[in-house]
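Have a look at the structure below, then the notes.
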Amino acid sequence: MKTCCRCKKEKPESAYHKDRGNPGGLHYMCRDCRSEKYYEDHENNLRMTRQYYSKNVDRQIERVRNYRERHKKRAAAFVAVSSKTRTGRIKKPGICSQCGSGGIIHAHHEDYNKPLEVEWLCQKCHKKLHREKRSVA
Ligand SMILES: [Zn+2]
Ligand SMILES: [Zn+2]
Ligand SMILES: [Zn+2]
């Protein structure tokens with residue numbers, strides 16, 4: 001006779017699976033407990049997989065939403081700046097505010113929630129800034 005570790009009942013050795021890794025050559029749980037536990041583990045695994053999956057889907061939706069939101073804000077910010085520069089309310093400088101070189105000057109937004117706070121940068125500095133930003137994020 002051997003006491004099962006799980007249900008604490010004493011059962012004949014025939015009620016246990018053989019397990020060479022254990023002293024006595026028998027599994028520490030009886031057959032009933034073993035199959036019950038197997039079933040429970042299986043259920044737990046399923047539940048966890050489902051949870052993981054649904055969390056991932058949420059994250060994906062969130063990411064798409066953020067992306068759209070950013071795009072909308074960026075577009076709105078550009079429209080705001082270009083209309084202000086056209087009417088002369090914002091003066092577009094001829095040179096880059098970082099390196100001082102001329103040429104094509106971009107309006108860079110640090111924060112699209114503040115569409116009128118722009119930094120004027122040449123193409124090179126602008127690209128560089130966004131590259132650095134991406135590597136930080
Ligand atoms: Zn048992
Ligand atoms: Zn520059
Ligand atoms: Zn920019």
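Every number in this text was worked out from the coordinates using simple rules, so none of it is lab data. Since the structure is predicted, the reported quantities are computational estimates derived from the model, not experimental observations. Cβ coordinates were reconstructed from backbone atoms using ideal geometry, including for glycine residues, and neighbour counts include every protein chain displayed.
Tallying residues that are within 16 Å of ligand 2 (Cβ to nearest atom) and either of a type in the set (S, T, N, Q) or loosely packed, with under 14 Cβ neighbours inside 10 Å (or both) within segment 96-123 yields 10. Among residues of segment 119-133 that are on the phi < 0 side of the Ramachandran plot, those with a Cβ under 7 angstrom from a residue that is away from ligand 1 (no atom under 16 Å from the Cβ) and part of a helix (DSSP H, G or I), sequence gap 6+ or separate chain, pair up as LEU121/LEU129. Consider GLU10 carefully, then state whether it is more than 30 Å from PRO115 (Cα to Cα) and free of Cβ contacts under 8 Å to residues at least 40 places away in the same chain. Yes, satisfied.
Answer yes or no as to whether TYR28 is out of contact with any strand residue (DSSP E or B) (no Cβ under 7 Å at 6 or more places or on another chain), among the aromatic types (Phe, Trp, Tyr) and within 16 Å of ligand 1 (Cβ to nearest atom). It is true that TYR28 is out of contact with any strand residue (DSSP E or B) (no Cβ under 7 Å at 6 or more places or on another chain), among the aromatic types (Phe, Trp, Tyr) and within 16 Å of ligand 1 (Cβ to nearest atom). Any idea which residue in segment 124-137 is nearest to ligand 3 (Cβ to nearest atom), counting only those that are within 21 Å of ARG68 (Cβ to Cβ) and surrounded by 10 or more Cβ atoms within 10 Å (Cβ to Cβ)? Filtering segment 124-137 for residues that are within 21 Å of ARG68 (Cβ to Cβ) and surrounded by 10 or more Cβ atoms within 10 Å (Cβ to Cβ), the one nearest to ligand 3 (Cβ to nearest atom) comes out as HIS130. When residues in segment 59-95 are screened for being aromatic (Phe, Trp, Tyr) and either more than 22 Å from the chain's Cα centre (by Cα) or surrounded by 13 or more Cβ atoms within 10 Å (Cβ to Cβ) (or both), 1 of them pass.
Each residue in segment 82-113 was checked for being within 22 Å of ASN66 (Cβ to Cβ) and in contact (Cβ under 8 Å) with a residue 12 or more places away in the chain, and 4 of them qualify.
Sort through SER83, SER54, SER35, SER101 and tell me the only one that's part of a helix (DSSP H, G or I) and either within 30 Å of PRO12 (Cα to Cα) or in contact with a strand residue (DSSP E or B) (Cβ under 7 Å, 6 or more places away or on another chain) (or both). Don't jump to the end; show me each part of the working.
Working: SER83 fails: either within 30 Å of PRO12 (Cα to Cα) or in contact with a strand residue (DSSP E or B) (Cβ under 7 Å, 6 or more places away or on another chain) (or both); SER54 fails: either within 30 Å of PRO12 (Cα to Cα) or in contact with a strand residue (DSSP E or B) (Cβ under 7 Å, 6 or more places away or on another chain) (or both); SER101 fails: part of a helix (DSSP H, G or I).
That would be SER35, the only listed residue that is part of a helix (DSSP H, G or I) and either within 30 Å of PRO12 (Cα to Cα) or in contact with a strand residue (DSSP E or B) (Cβ under 7 Å, 6 or more places away or on another chain) (or both).
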